[in-house]
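Trainee: Sharing a structure here in structure tokens format.
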């Protein structure tokens with residue numbers, strides 16, 4: 001199997017970006033990515049674009065808006081989609097483009113412009129990424145799905161509302177240190193605990209954000225990577241798993257089959273296990289999702305996720321630092337960009353360029369990105385050497 | 001580079017399928033595909049789903065609806081999209097999954113349920129796959145885009161309305177011989193010429209259809225292909241090109257840069273030229289699009305496309321038989337399924353299973369699939385041995 005590395009990273013500012021269109025957002029990220037790699041767009045062979053929702057961007061084939069605006073044609077580009085995991089699907093497809101021998105230098109672009117529609121409509125569009133036959137039509141949107149999951153986890157494992165709130169406190173703390181984050185402010189445990197209830201037990205600060213943003217990565221084949229970058233970040237393992245859309249069709253509410261499947265594949269391919277991971281970004285669309293990710297990824301035993309955050313083991317300096325870029329919770333969650341942004345944070349950590357958020361001697365990193373309420377999960381494992 | 005072959009094909013009935021949902025349509029095609037390969041779904045490693053429009057299917061991540069309904073989880077599946085070329089993007093991604101070494105047996109599923117919305121809304125959704133800033137908002141939909149292209153071709157090359165109508169006559173003739181086609185009826189030249197004008201010079205019979213339908217292909221690695229199929233169809237070349245969305249930004253209206261780029265790449269990879277192609281399916285969303293495809297693919301000189309159809313050289317028995325399955329024009333055009341359906345017709349031809357539409361001794365075939373008004377084009381070349 002061919003080796004593929006990240007040789008360029010570019011991250012736009014996440015937030016309510018009324019100053020920029022979808023096209024302008026991605027231009028910003030692509031420009032930063034090429035500057036980081038020290039290359040011009042002319043040198044890139046091929047491209048993959050991740051955009052989750054047609055309805056945010058008002059047009060099928062948003063990938064064409066992107067390659068048109070940045071001036072990439074006549075070279076190859078198309079769109080991939082996996083709801084909230086779209087950015088990781090783009091990275092996986094970019095990796096396949098090189099590993100299959102079709103190209104040597106591939107641009108992976110992820111973008112979403114979610115505030116173009118009212119919040120209620122964004123919530124509705126995302127809601128339809130849940131089960132659109134038996135759940136969404138009866139009124140469930142994402143806070144509802146994850147509230148059911150949280151209640152089940154509390155009942156089965158004794159996880160507390162306070163433990164969930166501690167995930168928010170951690171991620172807001174790290175978001176305050178990330179200049180690209182939507183929410184650059186710390187919160188107290190009391191503030192999180194006393195914020196209004198969205199869907200019990202989830203409160204305002206248990207929920208991630210509606211975000212505009214873009215992120216871009218340049219991938220290179222082994223031969224090209226070493227010439228381009230002094231600090232290539234190698235993609236060592238890839239995993240992708242799926243599940244039913246409807247929560248009621250799943251064996252368990254407190255563990256995601258899609259994540260367990262993706263983790264098994266990715267760990268095996270990379271030849272490592274959970275204890276080898278030095279730093280991770282996981283899918284914290286709601287605080288309970290981060291707790292469950294700890295367990296499904298093997299960072300702790302099943303049911304022990306609440307205790308892991310309570311013991312601060314997922315802070316920098318802890319056993320396994322998680323979402324030290326702020327996570328979806330505080331950095332923001334522009335669906336198509338999120339997976340790409342996760343891989344950028346891991347790249348910064350492995351390149352030792354994460355500044356005040358740096359995990360010491362990080363050599364192996366992992367990203368975990370979930371689509372919908374768990375019907376898709378993608379995991380990537382990265383190595384410094 | 002690893003060799004990849006088509007070892008199973010399954011084609012659903014195209015048409016107004018008020019009897020079936022998106023999920024049921026794809027089940028029909030996948031079942032037929034697995035039966036053709038003589039395998040069960042359990043044996044398949046991975047999957048790619050092509051669906052063009054979220055707004056037809058009322059939900060982001062339609063791929064999850066598909067893997068859920070057919071029972072494919074926990075294995076990998078995600079969605080790809082390239083407007084009208086979505087099916088070919090799925091085939092390309094399926095090929096990459098095997099060629100990159102991630103899997104040995106990959107299911108490629110393409111589906112669209114377009115009649116779920118009123119025709120006016122379908123026209124609007126598709127219209128937004130054109131330039132959504134400077135063209136569509138001022139009232140242009142697809143017949144308008146291609147009418148401008150047709151007028152330019154008539155002015156530059158003397159192509160006639162009658163020559164365009166002859167494309168429709170041919171494709172309806174072959175559609176009448178294809179049990180999966182939406183329109184199984186022949187038309188006369190007079191009927192085509194006297195049908196009402198949609199956007200001058202394009203008349204009713206110059207336009208393709210709004211269609212529900214699904215198609216599925218099973219791809220295998222070289223080692224697996226020979227064991228599964230006595231008649232594997234090898235993917236010998238792949239090309240993908242792009243262009244601007246806005247017609248006004250292009251150097252020419254009468255030739256598609258995206259197609260020329262994709263053709264150059266695919267011919268080179270396969271080590272063949274236009275004269276080596278025995279049978280082709282090309283993107284005849286409008287009759288003028290087939291004429292331009294003849295030229296851009298090198299089946300005739302620039303400007304000679306009208307004469308090629310007039311001389312019946314693209315019928316079975318002619319120099320280069322094109323769209324002898326009825327094409328988008330008569331077989332129908334369910335966006336996500338079209339590219340997969342094209343590859344199925346070429347597979348049938350190379351397997352000598354095309355019945356009354358069989359091209360004698362067909363050894364090398366080509367598919368050509370365009371997204372939007374030409375901002376994306378994918379070409380695949382197939383070989384019998």
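Trainee: If you take every DSSP beta bridge whose two residues both sit in chain B, what share of them, in percent to the nearest 5, is antiparallel?
Mentor: 75
Trainee: Can you tell me what share of the DSSP beta bridges in the protein assembly as shown is antiparallel? A percent to the nearest 5 is fine.
Mentor: Here the share of antiparallel DSSP bridges comes out near 75 percent.
Trainee: Round to a whole angstrom and tell me the spacing of the C-alpha centers of segment A:279-327 and segment A:69-143.
Mentor: With segment A:279-327 and segment A:69-143 each reduced to a Cα centre, they are spaced 25 Å.
Trainee: Find every distance from the label point of residue B:385 to the corresponding label point in the other copies (7 Å from Cα along Cα→Cβ) and write them in nm, one decimal, shortest first.
Mentor: Residue B:385 label point versus its equivalents elsewhere: 5.1 nm.
Trainee: For segment A:152-173 and segment B:179-205, what is the separation of their C-alpha centers, rounded to whole Å?
Mentor: Distance between centres, Cα-based: 63 Å.
Trainee: What number do you get for chain B when its Cα radius of gyration is normalised by 2.2 N^0.38 Å, N = residues?
Mentor: After normalising by residue count via 2.2 N^0.38 Å, the value is 0.90.
Trainee: Further, regarding this structure: What translational D, rounded to a whole number of µm²/s, comes out for segment B:111-216 from Stokes-Einstein when the hydrodynamic radius is the Kirkwood one over Cα pairs, at 37 °C and 0.692 mPa s?
Mentor: In µm²/s, the coefficient rounds to 215.
Trainee: Which one, A:239, A:273, A:355, has the greatest fluctuation when you compute a Gaussian network model over chain A with C-alpha springs under 10 angstrom?
Mentor: For chain A, modelled as a Gaussian network with Cα springs under 10 Å, the answer is A:355.
Trainee: So for each of A:366-374, A:308-316, A:29-37 I average, over its residues, the number of other beta carbons within 10 Å; can you give me the resulting order with the highest mean first?
Mentor: Ranked from most to least packed, the peptides come out as A:366-374, A:29-37, A:308-316.
Trainee: So if R0 is 41 Å, what FRET efficiency would residue A:189 and residue A:35 give, r being the distance between their Cβ atoms, rounded to the nearest 0.05?
Mentor: About 0.55, to the nearest 0.05.
Trainee: Further, regarding this structure: Based solely on its DSSP helices, what 222 nm [θ] is calculated for chain A when runs of n ≥ 4 H residues each add -39,500 (n - 2.57) and the sum is averaged over all residues, nearest 500 deg cm²/dmol?
Mentor: -11500 deg cm²/dmol
Trainee: Along the Cα→Cβ direction, 7 angstrom out, place labels at residue A:1 and residue A:42. What is the inter-label distance in nm?
Mentor: Result for the modelled spin labels: 3.6 nm.
Trainee: Would you calculate the separation in nanometres between label points at residue B:204 and residue B:301, each defined as 7 Å from the Cα along the Cα-to-beta-carbon direction?
Mentor: 3.8
Trainee: Give me the distance in nm between label points sitting 7 Å out from Cα along the Cα-to-Cβ direction at residue A:124 and residue B:353, one decimal.
Mentor: 4.5
Trainee: For an R0 of 22 angstrom, estimate the FRET efficiency from the Cβ-Cβ distance between residue A:310 and residue A:196 and round to the nearest 0.05.
Mentor: 0.40
Trainee: Averaged over its residues, how many other protein chain Cβ atoms are within 10 Å of peptide A:93-103's Cβ atoms?
Mentor: The shielding value for this peptide is 6.
Trainee: Also, quick follow-up: Treating the angle as unsigned and between 0 and 90°, give the value, to the nearest 10°, between the Cα long axis of helix A:161-175 and the longest Cα principal axis of chain A.
Mentor: The two axes meet at around 30 degrees.
Trainee: Moving on to the next point. By per-residue mean of other Cβ atoms within 10 Å, what is the highest-first order of A:252-260, B:106-114?
Mentor: Averaged packing, sorted descending, gives the order B:106-114, A:252-260.
Trainee: For chain B, with a Gaussian network of springs between Cα atoms less than 10 Å apart, report the residue from B:25, B:102, B:297 with the top mean-square fluctuation.
Mentor: The residue that fluctuates most here is B:102.
Trainee: Build a GNM of chain A with springs between Cα atoms under 10 Å: which of A:43, A:124, A:290 gets the top mean-square fluctuation?
Mentor: Between A:43, A:124, A:290, it is A:43 that shows the largest mean-square fluctuation.
Trainee: Within 10 Å of each Cβ in peptide A:61-72, how many partner chain Cβ atoms are there on average? Round it to a whole number, please.
Mentor: Counting Cβ atoms of other protein chains within 10 Å of each residue's Cβ and averaging gives 6.
Trainee: Here's another thing I want to ask about it. Enter the mean number of other protein chain beta carbons within 10 Å of the beta carbon of each residue in B:119-129, as an integer.
Mentor: Counting other chains' Cβ atoms within 10 Å and averaging over B:119-129 gives 2.
Trainee: Note down the relative contact order for segment B:218-369 as a percent, whole number, built from C-alpha pairs under 8 angstrom at least six residues apart.
Mentor: This gives 23 percent for segment B:218-369.
Trainee: Can I ask one more? Out of every Cα-Cα pair in the protein assembly as shown, what percent are more than 36 Å apart?
Mentor: Cα-Cα pairs of the protein assembly as shown separated by over 36 Å account for 39 percent.
Trainee: Using only alpha carbon pairs under 8 Å that are at least six residues apart, calculate the relative contact order of chain A and give it in whole percent.
Mentor: Averaging sequence separation for qualifying contacts and normalising by length gives 26 percent for chain A.
Trainee: Give me B:95, A:134 sorted ascending by neighbouring Cβ count inside 10 Å, so fewest comes first.
Mentor: A:134, B:95
Any read-out appearing in this document is the output of simple, stated calculations on the displayed coordinates, not a laboratory observation. The structure presented is a predicted model; accordingly, all values stated were derived computationally and were not measured. Here the Cβ is made from the backbone with ideal geometry for all residues, glycine too, and neighbour counts use every protein chain on show.
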